[in-house]
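The values are calculated or read from the model by the stated rules, or taken from the named source; none is laboratory data. What you are looking at is a predicted structure, and each value in this text was computed from that prediction instead of being measured. Reconstructed Cβ throughout: ideal geometry from the backbone, glycine too, with neighbour counts over all protein chains shown.
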Amino acid sequence: MTPAWTEVRDASLRARNTFGVDAKARWLLEIDSPHALFQALSKSEWKDAPLLPVGAGSNILFAGDFDGVALIFNLFHPDNEGEDAGIAWVVEDKDENVFIGVDAALNWHEFVLWSLRNGFSGLENLSLIPGTVGAAPIQNIGAYGVEVCEFIHRITAFDRAQNHFVELSRDDCRFSYRDSIFKNEPDRWLITSVEFRLPRNSSLKTHYAGIGEELAAMGITEPTPRDVSDAVIRIRRRKLPDPAVLGNAGSFFKNPIVPAEVAADLQSAHPDMPVFRGSGDDSRKLSAAWLIDQCGWKGHREGDAGVAPSHALVLVNHGHATGMQLLDLARRIAASVRERFGVAIEPEPRIVGARW
């Protein structure tokens with residue numbers, strides 16, 4: 001029987017990351033079925049090697065080669081037919097909520113559009129975020145006042161420590177701002193599918209980061225979830241460069257969380273500084289984009305490594321920048337923010353081949 005995977009030694013990863021930087025993996029495995037995962041990982045060549053799920057490569061900076069096994073999932077759920085074949089499947093339909101299973105390999109934005117097409121709401125603010133469904137929980141992706149963990153019910157993953165598949169509840173995943181158990185134990189977990197709880201009706205969040213203004217510009221006064229999605233798509237396309245045109249991984253830095261009294265002192269010294277409520281009354285979230293912009297980095301370029309002129313959070317590869325050049329630039333940006341404001345900012349993408 002032909003194995004349900006393909007393997008390549010010393011594989012180039014340049015086309016596998018949205019920064020478009022040169023890097024190699026000692027092994028690259030493309031898995032065609034979650035059932036083949038156990039068999040593939042049992043091979044002696046890489047049984048104990050480090051693993052790196054690559055997905056769409058939209059949240060990785062390769063600062064060097066990866067001395068391990070890079071994984072690409074090519075999964076497909078065969079029970080659907082027609083236009084939505086392979087997208088998602090209904091696990092349970094319960095009144096106002098439907099529980100939907102989705103393969104990890106599916107493009108995230110494609111799933112968001114599927115959910116809206118089928119009458120579900122909640123994910124519209126997360127439209128056009130690059131990457132796969134399986135990558136979304138790792139980073140606990142979020143945008144425009146919404147985090148994906150709000151809609152995750154259960155995750156199926158291969159637990160490398162126990163050498164078998166497990167199901168994790170939302171609480172098991174230990175979600176927090178841009179963080180999860182999967183991010184903190186990257187060599188242990190391989191997500192193969194995600195089950196979402198999607199409401200048929202939910203309150204729209206339109207007061208965050210210009211969505212209301214965009215809807216008004218579109219002439220919409222009573223928006224639907226799809227209208228909100230369209231507004232988010234318009235904003236993102238205007239602000240963020242297309243990775244297919246200009247290499248990038250979206251927002252490179254997380255918004256820093258600081259004690260409320262620190263935020264108050266900073267806002268007193270800088271009255272136009274944006275400050276948002278944190279996870280509790282004693283914390284506040286600052287805008288990393290504003291901090292970086294105030295340090296003069298937006299539009300900065302050194303050779304082929306730079307910062308997007310349209311958004312201070314986005315590091316870009318103008319063609320042939322190395323991962324280390326981009327990482328060095330990011331470190332100096334963070335150092336300048338800390339020197340001027342006394343605030344530490346950290347990267348969102350996973351850095352491979354170096355430490356932050």
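If only one of Val343, Val337, Val258, Val316 is outside the structural domain of Gln139 (by TED's automatic domain parsing), under 20 Å from the mean Cα position of the chain (by Cα), at pLDDT 95 or above and surrounded by 14 or more Cβ atoms within 10 Å (Cβ to Cβ), which one is it?
Numbers: Val343 fails: under 20 Å from the mean Cα position of the chain (by Cα); Val337 fails: under 20 Å from the mean Cα position of the chain (by Cα); Val258 fails: under 20 Å from the mean Cα position of the chain (by Cα).
After ruling out the rest, the residue left standing is Val316.
If you check Leu128, Leu61, which single one turns out to be outside any strand (DSSP E or B), modelled with pLDDT of 95 or more and in contact with a helix residue (DSSP H, G or I) (Cβ under 6 Å, 6 or more places away or on another chain)? Answer to the check: Leu128. Candidates in the stretch 269-294 are the residues that are in a helix (DSSP H, G or I) and not aliphatic (A, V, I, L, M); of these, the one that is farthest from the chain's Cα centre (by Cα) is Gln294. Restricting the stretch 10-29 to residues that are touching a strand residue (DSSP E or B) at 6+ places or on another chain (Cβ under 6 Å) and of a type in the set (Lys, Arg) leaves a set whose member that is farthest from Ala56 (Cα to Cα) is Arg26.
Anything in the stretch 273-288 that is more than 19 Å from His207 (Cα to Cα) and free of Cβ contacts under 8 Å to residues at least 40 places away in the same chain? List them, or say none. Reasoning before the result, please.
First, pick out the residues of the stretch 273-288 that are more than 19 Å from His207 (Cα to Cα): 280-283, 288.
Within the stretch 273-288, Gly280, Asp281, Asp282, Ser283 qualify.
In this structure, does Arg340 turn out to be free of Cβ contacts under 8 Å to residues at least 12 places away in the same chain and in a helix (DSSP H, G or I)? Reasoning before the result, please.
Numbers: free of Cβ contacts under 8 Å to residues at least 12 places away in the same chain: no; in a helix (DSSP H, G or I): yes.
Here the answer is no, as Arg340 does not meet what is asked.
Number of residues in the stretch 187-218 that are surrounded by 15 or more Cβ atoms within 10 Å (Cβ to Cβ) and under 23 Å from Phe253 (Cα atoms) equals 3.
In summary, Leu266 fulfils each of the numbered conditions (1) touching a residue at least 60 places away in the same chain (Cβ under 8 Å); (2) within 25 Å of the chain's Cα centre (by Cα); (3) outside any strand (DSSP E or B) with the single exception of condition (2).
Per this entry, Glu167 is not counted among residues that are assigned to a strand (DSSP E or B), modelled with pLDDT of 95 or more, touching a His at 6+ places or on another chain (Cβ under 6 Å) and not assigned by TED's automatic domain parsing to the domain that holds Ile345.
Any chance the stretch 248-257 includes a residue that's in a strand (DSSP E or B), over 23 Å from Val21 (Cβ atoms) and not small (Gly, Ala, Ser)?
Keep residues of the stretch 248-257 that are in a strand (DSSP E or B), which gives 248-251, 253, 257.
In the following step, the residues that additionally are over 23 Å from Val21 (Cβ atoms) were identified as 257.
This time we only want the ones that are not small (Gly, Ala, Ser), so: 257.
Checked the stretch 248-257: at least one residue is in a strand (DSSP E or B), over 23 Å from Val21 (Cβ atoms) and not small (Gly, Ala, Ser).
Does any residue of the stretch 213-227 turn out to be touching a residue at least 60 places away in the same chain (Cβ under 8 Å), of a type in the set (A, V, I, L, M) and either out of contact with any helix residue (DSSP H, G or I) (no Cβ under 9 Å at 6 or more places or on another chain) or outside the structural domain of Ala49 (by TED's automatic domain parsing) (or both)?
Of all residues in the stretch 213-227, those touching a residue at least 60 places away in the same chain (Cβ under 8 Å) come to 225-226.
Subset that is of a type in the set (A, V, I, L, M): none.
No, the stretch 213-227 has no match at all.
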